[in-house]
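Participant: Provided herewith is a single structure, encoded as structure tokens, for subsequent inquiry.
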2 protein chains.
Amino acid sequence: MNLKQLSELLGLSQTTVSRALNGYPEVNEATRERVLQAVKETGYRPNKAAQRLATGKAGSIGLVMPTAPGHQSDVHFGEFLAGLGEEAVRHDFHFVIMPADPDDEVAALRRLAISGNVDALFVAYMRGHDPRLAMLKSLSMPYVVHGRSFGSEPDYPFLDIDNEGAFYDATRLLLQLGHTRFALMNGPMHLDFAIRRRNGVMSALAERRLTLDEDCVSHALMTDEQGLLAMERFLQLPERPTAILCSSTVLALGAIRAVNQAGLRLGEDISLIAHDDVLPLLKPENFSVPLTTTRSSLRAAGARIAQRLIGTVKQAGPFPDQELWKTELIVRSSTGPAPQRS
Amino acid sequence: MNLKQLSELLGLSQTTVSRALNGYPEVNEATRERVLQAVKETGYRPNKAAQRLATGKAGSIGLVMPTAPGHQSDVHFGEFLAGLGEEAVRHDFHFVIMPADPDDEVAALRRLAISGNVDALFVAYMRGHDPRLAMLKSLSMPYVVHGRSFGSEPDYPFLDIDNEGAFYDATRLLLQLGHTRFALMNGPMHLDFAIRRRNGVMSALAERRLTLDEDCVSHALMTDEQGLLAMERFLQLPERPTAILCSSTVLALGAIRAVNQAGLRLGEDISLIAHDDVLPLLKPENFSVPLTTTRSSLRAAGARIAQRLIGTVKQAGPFPDQELWKTELIVRSSTGPAPQRS
DNA sequence: TGAAGCTGTCAAAGCGCTTTGAAATTTCCT
DNA sequence: AGGAAATTTCAAAGCGCTTTGACAGCTTCA
């Protein structure tokens, strides 16, 4: 069933039917009713590809999903998608996901943009000096970046959390508790958030003339296994750190296992603060020792970005171009005063 | 840059250029070279919407993502997507994801199919007597169901794991170890896999004239929090179960926390077998007490389904319509002989 | 009563691509 | 050399929708 058939059925022109459907004012209310009724009866749905071709609008947001055989999937991606979806479903938008090798991100993003399949782009997994930025600017298609790109001029639309501030505050809390030996369990080194979090830690330490030893930093995928491994390494250091900053509750999971296995007590021998993306499957308050965290909902960020993107496409008023969300520092039991030097 | 411009630039007709691009044999090799060269120089990309309109093929797989404010996102969804993506990227396919309220799945799926945006559908989160099945059959669009629908005639293309067999085997192992008091920590009751796993447990128990008490079954979202809560409930039962079957390693995470908090030892006081979807963020072998599991890679299932779907769209040979994958039962340390009756 | 202004409807063009069927050109065979 | 066959190219139609510009049919007002 297409427009033509429907209009023949009604004895109207395609024009009128189309207008009736799209809410144009110049069509008689009675006629519109009749059309709407027929749509219900026939189950007619406009062909999106044709609509897209005619209007240039597709009602969709494009994103690139990094994937490859052996490439670990990322919980954060799913959670973020849920946030995007929550908002998109309200506006009858959908997503076009282009899977791409992580090494091929720039090209994949360009393909997606040029394909004419999407109205706007969402970009994540930002790196330092990210090469996608230049391409996006040349594209004349709305986009929002989740995160930022360290080292690039911040002249693009983004939504980010204050990673540096979060880890600065967390570090200060631990300093106030008397800790002096710190370790950082971070995400992959090339990613922007990892760089900023590290900087946050370092600048808080610098204020006390402390430094972060190379041995006390781990950059790795954020899985519980990596958390376990990193923590085991830290614990074997001659000068064992007592304060751990951790880029994800998933990493913390493994880290805590290592702490337990070493016979140490969390919140006493070892203090730990993790960043909490508010993943529904892992609540910091339910850990056997509830976790002190810096918190910011990944899902909320997704919903907000979808809102901005869809709003821009629909030309529904201006949106702030750049948003920096503060994180909350929530103190629970995994942090405590530094143990007396043994 | 569109086809017309490109062909004018080359002094060829649109037909010839189109054919050259799409690998038709009736075009001179020299001409094809020239066209390919021009494409490189101009960066021309065909408009997908137009292609879709003309051919009826979109190069995309559609799926519905259940979402709503407050609706928990699901790790399994992301992992599955990674599997689909891994295969799709090889064939230059993409995904169209339609977010939809979980109560609106049937309608959302139909909208997606009729929109003309996708060539094939992937359907998950199957329920008992799933109403989507009838709709899919009426659709004349290829689809593959992940899972099955308990209570419906299995006359549709699917890929499923042998949930019943997995939990039957797991239960038998525990029976052989002398356990008699069982509990099952399952996913949401209406979902097909939950029904089958429960049946697997019950039929193994029935062979020994044992039953599964209502109090010893929990149906809930598969998060660590629900695992914790369910296990706490089980542990307070007057006749405490000693053998726990668990539908996910994520649930197991919480469950084990509860076991520890109760001062019980996993693998001694309590034996536990969990189903392992091979989520990259949670490896059963890294648990403080490595977990005995039934294993089947969700990601591999995703890749296989993508393969079938894409193959069907491209008419690349017939695929088996129905696949039932066996799971592996991997014994680690979380299972042990039943403790002596105290 | 006729010009002017609304309303509601329509025919047709156009979005960028593929594909059909025909035309132009080249190659082959007798 | 002459005609058939094969090769290469093309013009035009069509995919299903939106939108422009025109046109009837009614009101309205001087």
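Participant: What share of the DSSP beta bridges in the protein assembly as shown is antiparallel, in percent to the nearest 5?
Facilitator: Taking every DSSP beta bridge within the protein assembly as shown, about 15 percent pair in antiparallel fashion.
Participant: For residue A:189, place a label point 7 Å from Cα along the Cα-to-Cβ direction in every copy; what are the distances to the other copies, in nm, shortest first?
Facilitator: Its label point is 5.3 nm from the equivalent points in the other copies.
Participant: For segment A:1-106, run through the trypsin sites (Lys or Arg not before Pro) and keep only the ones in DSSP coil with at most 13 other Cβ atoms within 10 Å of their Cβ.
Facilitator: Working: sites: A:4, A:19, A:32, A:34, A:40, A:48, A:52, A:57, A:90; in loops: A:57.
Listed in order of number, the matching sites are A:57.
Participant: Okay, moving on. Output the direction-averaged projected area (hull surface divided by four) of the convex hull of the alpha-carbon atoms of segment A:163-296, in nm².
Facilitator: Directional mean of the projected Cα hull area for segment A:163-296 stands at 7.2 nm².
Participant: Once you average over the residues of B:83-93, how many Cβ atoms of partner chains fall within 10 Å of each Cβ?
Facilitator: Working: counts 2, 4, 10, 8, 3, 6, 11, 3, 0, 3, 2.
So the per-residue partner count for this stretch is 5.
Participant: Around residue A:178, which amide H atoms from residues at least 5 apart in sequence, or from another chain, sit under 5 Å from its own amide H, with H modelled in the peptide plane?
Facilitator: A:338
Participant: Here is a follow-up. How big is the Rg/Rh ratio for segment B:174-249, C-alpha atoms only, Rh by Kirkwood, two decimals?
Facilitator: On the Cα set of segment B:174-249, Rg over Rh gives 0.94.
Participant: Still on this structure, I have one more. For segment A:1-115, compute Rg over Rh where Rg is the Cα radius of gyration and Rh is the Kirkwood radius from the inverse mean 1/r over Cα pairs. Before the final figure, lay out each step's value.
Facilitator: On the way: Rg = 19.6 Å, Rh = 17.2 Å.
Result: Rg/Rh = 1.14.
Participant: Related question: For n ≥ 4 DSSP H runs only, could you compute -39500 (n - 2.57) per run for the protein assembly as shown, divide by its residues and tell me the 222 nm figure to the nearest 500?
Facilitator: It comes out at -12500 deg cm²/dmol, rounded to the nearest 500.
Participant: May I ask for the angle, rounded to the nearest 10°, between helix A:192-207 and the longest principal axis of chain A, with both axes built from Cα atoms and the value confined to 0 to 90°?
Facilitator: That helix lies at roughly 30 degrees to the long axis.
Participant: Could you sort A:274-284, A:206-216, A:155-165 so that the peptide with the highest average Cβ count within 10 Å comes first and the rest follow in order?
Facilitator: The most tightly packed comes first, giving A:274-284, A:155-165, A:206-216.
Participant: Can you put B:180, B:294 in order, fewest other beta carbons within 10 Å first?
Facilitator: Lowest to highest Cβ neighbour count: B:180, B:294.
Participant: If you take each beta carbon of peptide B:65-77 and count the beta carbons of other chains within 10 angstrom, what is the mean?
Facilitator: 6
Participant: Could you derive backbone 3J(HN,Hα) for segment A:62-74 from the dihedral phi with the Karplus parameters 6.51, -1.76 and 1.60 (θ = phi - 60°), listing whole Hz in sequence and x where the residue is Gly or Pro?
Facilitator: Once rounded to whole Hz, the list reads x, 8, 9, 10, x, 7, 5, x, x, 6, 5, 6, 10.
Participant: Still on this model: Assuming R0 = 35 Å, can you tell me the calculated FRET efficiency for the pair residue A:55 and residue A:285, based on Cβ-Cβ distance, to the nearest 0.05?
Facilitator: 0.15
Participant: With both partners inside segment A:246-342, how many of the DSSP beta bridges are antiparallel, as a percent to the nearest 5? Walk me through the intermediate numbers first.
Facilitator: Values: 3 of 9 bridges.
So the antiparallel bridges amount to about 35 percent of the total.
Participant: Find every distance from the label point of residue B:285 to the corresponding label point in the other copies (7 Å from Cα along Cα→Cβ) and write them in nm, one decimal, shortest first.
Facilitator: Listed shortest first, these distances are 3.7 nm.
Participant: Over all alpha-carbon pairs of segment B:3-46, lay out the pair-distance distribution in 5 Å bins, whole %, shortest bin first.
Facilitator: The percentages, shortest bin first, are 5, 26, 41, 23, 5.
Participant: Then there's this: Indicate the gyration tensor shape class of segment A:227-342 (rounded, prolate or oblate), computed on the Cα atoms with a ≥ b ≥ c the square roots of the eigenvalues: a/c under 1.5 is rounded; otherwise a/b larger than b/c is prolate and the rest oblate.
Facilitator: Prolate, because a/c is 1.5 or more and a/b exceeds b/c.
Participant: Using only the Cα atoms of chain B, what do you get for the radius of gyration and for Dmax, in Å?
Facilitator: Spelled out, the Cα radius of gyration and Dmax of chain B are 25.3, 92 Å.
Participant: Compute the helix-to-body angle for B:29-42: its Cα long axis versus the longest principal axis of chain B, expressed 0 to 90° and rounded to tens.
Facilitator: 70
Participant: For residue A:323, what residues show an amide H to amide H distance below 5 Å, using hydrogens built from the backbone and excluding near sequence neighbours?
Facilitator: Result for residue A:323 returns A:158, A:159, A:160.
Participant: State, to one decimal in nm², a quarter of the convex hull surface area for the C-alpha atoms of the protein assembly as shown, i.e. the direction-averaged projected area.
Facilitator: Mean projected area of the Cα convex hull: 35.2 nm².
Participant: Shortest first, in nm, what separates the label point of residue B:324 from those of the same position in the other copies (7 Å along Cα→Cβ)?
Facilitator: Distances between equivalent label points, in nm: 5.9.
Participant: Multiply the residue gap between residue B:2 and residue B:177 by 0.36 nm, knock off their C-alpha separation, and tell me the result in nm, one decimal place.
Facilitator: Extra length from residue B:2 to residue B:177 when fully extended: 56.0 nm.
Participant: Hey, another quick one. Exposure proxy check: B:167, A:93, B:319 ranked by fewest other beta carbons within 10 Å?
Facilitator: Listed from fewest to most nearby Cβ atoms, that is B:319, A:93, B:167.
Participant: On to the next question. Skipping prolines and chain starts, which residues have an amide H placed within reach, meaning under 5 Å, of the one on residue B:271, given they are 5 or more residues away or on another chain?
Facilitator: B:243, B:244
Participant: Of the cross-linked pairs A:4/B:314; A:57/B:4; A:40/A:314; A:283/B:283; A:4/B:4, which ones have a Cα-Cα span greater than 24 Å in the structure shown?
Facilitator: Those over the limit are A:4/B:314; A:40/A:314; A:4/B:4.
Participant: Using θ = phi - 60° and the Karplus curve 6.51 cos²θ - 1.76 cosθ + 1.60, what whole-Hz ³J(HN,Hα) does each residue of segment A:271-288 get, with Gly and Pro shown as x?
Facilitator: Residue by residue, segment A:271-288 yields 9, 9, 10, 10, 7, 10, 7, 6, 6, x, 8, 8, 9, x, 6, 9, 4, 4 Hz.
Participant: For the rotation that superimposes chain A on chain B, which residue of A has the C-beta lying nearest to the axis, and at what distance in Å?
Facilitator: A:78, 1
Participant: Karplus couplings for segment B:224-231 from phi (6.51 cos²θ - 1.76 cosθ + 1.60, θ = phi - 60°), rounded to Hz, Gly and Pro as x?
Facilitator: Per residue, the Karplus-derived 3J(HN,Hα) values read 5, 4, 5, x, 4, 4, 4, 5 Hz.
Participant: When averaged across all projection directions, what area in nm² does the alpha-carbon convex hull of segment B:112-191 cover?
Facilitator: Working: hull surface 26.0 nm².
Averaged projected area of segment B:112-191's Cα convex hull equals 6.5 nm².
Participant: For chain A, what proportion of DSSP beta bridges, expressed in % and rounded to the nearest 5, is antiparallel? Write down the numbers at each step before the final one.
Facilitator: On the way: 4 of 39 bridges.
Beta bridges within chain A, antiparallel portion: roughly 10 percent.
Participant: What nm value, rounded to one decimal, do you get for the distance between residue B:268 and residue A:103 when each label is placed 7 Å out toward the C-beta?
Facilitator: Reported label-point gap for residue B:268 and residue A:103 is 5.0 nm.
Since every read-out is calculated from the coordinates, none of them should be taken as a lab result. Predicted model, so just to flag it, every value in this text is computed and none were measured. Reconstructed Cβ throughout: ideal geometry from the backbone, glycine too, with neighbour counts over all protein chains shown.
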